[in-house]
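Chemist: Pasting a structure below so you can have a look.
Derivation of every value follows stated rules applied to the coordinates shown; laboratory data play no part. Bear in mind the structure is a predicted one, so any value in this text is a computation, not a measurement. Cβ: placed from backbone, ideal geometry, glycine included. Neighbour counts: every protein chain shown.
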Amino acid sequence: MSYPPELINRLDELVVFNSLAKQSVRQIVDIRLHELQAILADRRITLEVTDKAKTWLAHQGYDSIYGARALNRTLAKQLRQPLAAALLDGTIRDMDLVKIDLAPSGVQLEFPQLHPPYASKDSHSSHTPKDNDHPPRKELKVVSE
């Protein structure tokens, strides 16, 4: 197949790339988790993710065609969004140690519920948060590329 010279002249350079190897995807998982830990450090939250969970994330996010973009979507859906929800509902709070593992079913991650959720307005719970019950909330910045 040949291309017309007009098209070829519009190209500045050709970049050849190889698809990501599965080992590379696992390394990217470690890098993204390190970035997430840095974000959570502002709230003094420590994130520990087991090797089984990291391997599962790498497997779920592996796509030979789309590369790390699919992995970023997997990390957002499987890790960042549930963490953000747990921070908002109060089950994870400042200065917590959050250990994330692969659920026994092997089809999802397992998040700890370290605290009871904050009482909602329509909840019949007798627990309502007081000023000294938890530190003021800070915004969790979720960055996806």
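Chemist: Any residue in region 43-72 that is within 16 Å of Ser105 (Cα to Cα) and in contact (Cβ under 8 Å) with a residue 24 or more places away in the chain sitting within a Cβ distance under 9 Å of a residue that is hydroxyl-bearing (Ser, Thr, Tyr) and part of a helix (DSSP H, G or I)? List the pairs, counting only those 6 or more apart or interchain.
Modeler: Correct list of pairs: Leu57/Thr74.
Chemist: Taking into account only those residues within region 10-35 that are under 25 Å from Ala76 (Cβ atoms) and of a type in the set (D, E, K, R), which is surrounded by the most Cβ atoms within 10 Å (Cβ to Cβ)?
Modeler: Among them, the one singled out is Arg32.
Chemist: For residues in region 43-73 being touching a Leu at 6+ places or on another chain (Cβ under 9 Å) and assigned to a loop (DSSP other than H, G, I, E, B), which is surrounded by the fewest Cβ atoms within 10 Å (Cβ to Cβ)?
Modeler: Ser64
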